[in-house]
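Following: one structure in C-alpha cells, then a few remarks.
The values are calculated or read from the model by the stated rules, or taken from the named source; none is laboratory data. In this text, all values refer to a predicted model and were calculated from it rather than measured experimentally. Quick reminder, even Gly has a Cβ in these numbers, built from the backbone with ideal geometry, and neighbours come from all protein chains shown.
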Amino acid sequence: EGENSVINHWMKTGIKGWRLDVADELPSFFIESLKYKCKNIDSESIIIGEVWEDASNKVSYGQRREYFNGKQLDSAMNYPLRTYLLNFYNGSIDSETLCKYMNSLRENYPKENYFASFNLLGSHDVKRIKTSVKDIVKDFNLEPQYLEPATTRVLKSLSLIQFTLPGVPVIYYGDEVGVEGGKDPDNRRTYPWGKEDQDLLNWYKKISFLRSSSKVLKKGEIKFFSPHPDVFAYIRFFPNERDFIGVLTNRNPNKSKIFKINLKEFLGKFSNNIATDIYRWNDPLIVPIDSSTNFPIKIPPLKTLLFSSKSV
C-alpha cells in the first residue's frame with residue numbers, strides 16, 4: 001500500500017502485470033487488494049494466477065475460490081489444456097471426451113477470462129513437452145527410424161492447436177527449439193544456443209505469424225467436433241460473418257488410419273465459403289478440395305490440418 005511498496009516501485013518502471021505462484025495459497029483478500037492496487041496504477045495491468053485445475057471450480061483449504069469474480073485474477077495458467085491434449089494423444093481419452101472437457105472450460109469460465117487463458121504446453125513445473133511427447137510416441141510401436149518424425153508431427157500438431165484456440169498461447173523458453181527434460185529441475189536446462197532445431201523454430205514462427213495476423217483466432221467463437229474417436233476438430237468463427245478457420249487432427253499413428261471427413265457436413269453454413277485450397281500446415285503440401293464430391297478430405301496419421309474461408 002505504501003509509496004515504496006514492491007507494487008508501486010516495479011509498476012512505475014513499466015512492469016505490466018504479475019503472475020502469482022501457487023495462487024490457492026494466497027488469501028482472497030490479498031489477491032483482491034493486489035489487483036485493486038495494480039488497476040489503480042495501470043488500468044490495463046494484468047494478474048495471472050498459477051492454478052492447476054479448472055480455476056472456476058477451485059476449492060483450497062476448505063474455501064471455494066472466486067478467482068473470476070472480477071476482483072481477483074484476469075487469467076489463470078491453463079494446465080487442464082495441456083493435460084487434456086496429452087491424454088488424447090496417449091489414448092487415455094477419445095475425441096468425444098476431449099470435446100466435453102474443452103466445452104467444460106469454455107462454459108465454466110467467464111468469456112473475458114476464457115479468452116485471456118494462459119494456454120501452455122510446458123512450464124518449469126512439468127516435463128518438457130518434447131519429452132512428454134517422446135514418452136507417448138514410444139508406445140506407438142513404430143520402427144526406430146520413425147520415432148523422431150512421429151515426435152515432430154505430434155509436437156507440431158499440439159502447438160498448432162495451442163495457437164488456434166481461444167486464449168493466449170505461451171511458450172516455455174526452449175520448447176520452440178526442441179529442448180528436452182524430465183521433471184524439475186531437469187526441465188530447466190539451458191537454451192541450446194547455436195544448436196536449435198531450426199525446423200521446429202521456423203514452425204513456431206509460422207504459427208506465431210498466423211496467430212498474430214488473424215482476428216478470428218484472437219476473438220472468434222469456437223465450436224468443437226468429434227468426427228471420429230481419433231479425430232478432434234473445431235472451428236473458429238464470428239456468428240454474423242463468413243470468415244472462419246477450422247482445425248482437424250488425427251492422433252492415430254497407424255499408416256492405414258487415414259480418415260475421410262466430409263467437410264461440407266462438418267462446416268455446415270460455412271461449406272459454400274471455403275477456400276479453394278486447404279493448407280496442410282505440418283508440411284508444404286496443398287490439398288485441393290474437390291467440390292464435386294461434397295468436400296471430402298483425408299487426414300493422414302498424426303497430422304493436423306488447418307483450413308479457412310480464405311488463404312492464410
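Quick one: in segment 107-130, which of the residues that are outside any loop (DSSP other than H, G, I, E, B) and in contact with a helix residue (DSSP H, G or I) (Cβ under 8 Å, 6 or more places away or on another chain) is farthest from GLU53 (Cα to Cα)?
Looking at residues that are outside any loop (DSSP other than H, G, I, E, B) and in contact with a helix residue (DSSP H, G or I) (Cβ under 8 Å, 6 or more places away or on another chain), I get LYS130.
Yes/no matrix, rows are residues, columns are (1) small (Gly, Ala, Ser); (2) more than 28 Å from GLY122 (Cα to Cα); (3) within 27 Å of the chain's Cα centre (by Cα):
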{"position": "ASN4", "(1), (2), (3)": "no, yes, no"}
{"position": "MET11", "(1), (2), (3)": "no, no, no"}
{"position": "ILE15", "(1), (2), (3)": "no, no, yes"}
{"position": "LEU20", "(1), (2), (3)": "no, no, yes"}
{"position": "GLU25", "(1), (2), (3)": "no, no, yes"}
{"position": "ILE41", "(1), (2), (3)": "no, yes, no"}
{"position": "ILE47", "(1), (2), (3)": "no, no, yes"}
{"position": "VAL59", "(1), (2), (3)": "no, no, yes"}
{"position": "GLU66", "(1), (2), (3)": "no, no, yes"}
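Taking VAL168 and the conditions (1) of a type in the set (A, V, I, L, M); (2) in contact with a Pro (Cβ under 9 Å, 6 or more places away or on another chain); (3) in the same structural domain as ASN113 (by TED's automatic domain parsing), which numbered condition does it fall short on, given that it satisfies the others?
Result: VAL168 fails condition (2) only.
With the requirement that a residue be touching a strand residue (DSSP E or B) at 6+ places or on another chain (Cβ under 8 Å) and among the hydroxyl-bearing types (Ser, Thr, Tyr), what does segment 160-198 give you?
THR164, TYR172
Just name the residue that is modelled with the lowest pLDDT out of those in segment 262-312 that are assigned to a strand (DSSP E or B) and under 21 Å from the mean Cα position of the chain (by Cα).
Filtering first and then ranking leaves TYR279.
Return yes when ALA150 is assigned by TED's automatic domain parsing to the domain that holds ASP197, touching a residue at least 12 places away in the same chain (Cβ under 8 Å), touching a Phe, Trp or Tyr at 6+ places or on another chain (Cβ under 8 Å) and not β-branched (Val, Ile, Thr) and no when it is not.
Yes, satisfied.
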